[in-house]
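The values are calculated or read from the model by the stated rules, or taken from the named source; none is laboratory data. The structure displayed is predicted, hence computed values, not measured ones. As a convention, Cβ positions derive from the backbone with ideal geometry for all residues, glycine included, and neighbour counts pool all protein chains shown.
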DNA sequence: CCGCATCCCATGTGATACTG
DNA sequence: CAGTATCACATGGGATGCGG
């Protein structure tokens, strides 16, 4: 039941024993964004087999990375304080991976949690601090997010109702939004080519979005 | 041949597809410390099967993380510029894993490269900057390292001959050195209990070592 | 229903042997 | 030295079942 080890005594080795097995890092990623129920995790990781999810949850608990939330009627998983310390590492790792992403294949999905982590990785607080507070509503391949930027603070939350929010800019995009964030595509061309479709608000704010969230290879 | 994917389009997912398979992260760790030949990698990862090492080297090359060094007579592997960008992530991940290490089991090994990465993770540049430049010679379970600290700079290299170096402090230790770095054991008790055995130089400098390299849970 | 556990088969991994 | 080849075995994937 314990994760397979490498027979080596070192930091990287230990880290990989804790979160290096298949799917484990993605489970921790989602839990870093908030407590989740078993079904929510399964929904956020559509291709994970249920037996693997169950096994990983046990292993991560045994490793002290996550735990079941105490004094809760229903079963809820959350990161432990030690697991929480993975947060900056996760953001940096996500940024590195983001830079290595090519164009999306048709069958690839984007989940709210993966999108949220990517936004956090691409977020440039120092740039945002120079811009007015802004609320964006984004819909990317089914994932709907409410993105609030205020000074150096970023808050991303999953919202079911996008339309009736007081957003400054609402837009829908395919995974091609990656090209907007990487700078391969400017805001205006993104709209013109249909990569980004403005649903409401001021289309000119897409440039502000691209300045706020930027991660180039 | 390509790494198994997760069917998801996101930074963390991509990162795990690139370096998430078993042994891949350890190979990159070693290559981040310098170019290595196939045999050197195999020696630094004693328990990796040769077919797996060969497979990972191919995959990491296809992923653009490592490459064969150009215009070299012999075959040498090295990180690409993109792979080099993993360095800060690796150090942070190693620090996180280090904090999660318990006491070593008897069969666990320490390699020069794993020890070097742990030292880098535990290195406190801001503390070192306040201390005189110091050269340490350390021998930990067969791994011999020459550790030079000068201001905010850290240089660790593998040296075969430890004795005839102008080191300020030379010591041998078991994996229990982890307790010295984590602060669970002070310098004097470490020497008294035999966890650290001073081979030469000023034993009082072990306190400086413990101040320079510190990583607590 | 939610939170898993079981089953079976495909694939990946490990140990060893072998080769250009 | 730098890998391949082979085969036994462990793990992952997908479907399904089941108890609280």
inquiry  = Name the single residue that is farthest from the chain's Cα centre (by Cα) among those in region B:67-90 being surrounded by 21 or more Cβ atoms within 10 Å (Cβ to Cβ) and assigned to a helix (DSSP H, G or I).
reply    = B:83
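Report the residue count in region A:69-92 for those that are in contact with a helix residue (DSSP H, G or I) (Cβ under 8 Å, 6 or more places away or on another chain) and touching a residue at least 24 places away in the same chain (Cβ under 8 Å). If you could, list the steps in order and put the result at the bottom.
Our first condition is that a residue be in contact with a helix residue (DSSP H, G or I) (Cβ under 8 Å, 6 or more places away or on another chain); within region A:69-92, this holds for A:75, A:77-79, A:82-92.
Pick out the ones that are also touching a residue at least 24 places away in the same chain (Cβ under 8 Å) and you get A:75, A:77-79, A:83-84, A:86-87, A:90-92.
Residues flagged as in contact with a helix residue (DSSP H, G or I) (Cβ under 8 Å, 6 or more places away or on another chain) and touching a residue at least 24 places away in the same chain (Cβ under 8 Å) within region A:69-92 amount to 11.
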Selected residue [crowded, with 16+ Cβ neighbours inside 10 Å and over 14 Å from residue B:212 (Cα atoms)] from B:144, B:192, B:188 = B:144
For residue A:40: the one exception among (1) assigned to a loop (DSSP other than H, G, I, E, B); (2) surrounded by fewer than 20 Cβ atoms within 10 Å (Cβ to Cβ) = (1)
query = Any residue at all in region B:196-217 that is buried (at least 16 other Cβ atoms within 10 Å of the Cβ), at pLDDT 95 or above and within 14 Å of chain A (Cβ to nearest Cβ)?
reply = yes
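Taking strands (runs of 3 or more DSSP E) that fall entirely within region B:111-217, which contain at least 1 residues that are free of Cβ contacts under 8 Å to residues at least 24 places away in the same chain?
B:143-150, B:153-158
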query = Can you tell me which residue in region B:49-61 is farthest from residue A:100 (Cα to Cα), limited to those that are more than 7 Å from DNA strand D (Cβ to nearest atom) and surrounded by 18 or more Cβ atoms within 10 Å (Cβ to Cβ)?
reply = B:56
remark   = residue B:71 passes all but one of the listed conditions (1) at positive phi; (2) within 14 Å of another protein chain (Cβ to nearest Cβ); (3) modelled with pLDDT under 95; the exception is number (2)
note = By residue number, the members of region A:24-37 that are more than 8 Å from chain B (Cβ to nearest Cβ) and either crowded, with 23+ Cβ neighbours inside 10 Å or more than 8 Å from DNA strand C (Cβ to nearest atom) (or both) are A:24, A:27, A:28, A:30, A:31, A:32, A:33, A:34, A:35, A:36
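Is it the case that some residue within region A:96-108 is surrounded by 17 or more Cβ atoms within 10 Å (Cβ to Cβ) and closer than 18 Å to residue A:34 by Cα? Outline the logic, then answer.
To start, the set of residues in region A:96-108 that are surrounded by 17 or more Cβ atoms within 10 Å (Cβ to Cβ) comprises A:96-101, A:104, A:108.
Okay, now just the ones that are also closer than 18 Å to residue A:34 by Cα, so none.
No, there is no match, as no residue in region A:96-108 is surrounded by 17 or more Cβ atoms within 10 Å (Cβ to Cβ) and closer than 18 Å to residue A:34 by Cα.
Which one is farthest from residue B:94 (Cα to Cα), of the residues in region A:91-110 that are part of a loop (DSSP other than H, G, I, E, B) and facing chain B (nearest Cβ under 7 Å)? Walk me through it before giving the result.
Let us first name the residues in region A:91-110 that are part of a loop (DSSP other than H, G, I, E, B), namely A:100-108, A:110.
Of the ones still in play, those that are also facing chain B (nearest Cβ under 7 Å) are A:100-101, A:104, A:107-108, A:110.
On the way: A:100: 22, A:101: 24, A:104: 31, A:107: 34, A:108: 30, A:110: 29 Å.
Only one residue tops the list, namely A:107.
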ask   = For region B:45-67, which residues satisfy the criterion of being within 15 Å of DNA strand C (Cβ to nearest atom), in contact with a helix residue (DSSP H, G or I) (Cβ under 9 Å, 6 or more places away or on another chain) and more than 10 Å from chain A (Cβ to nearest Cβ)?
value = B:50, B:53, B:54, B:56, B:57, B:59, B:60
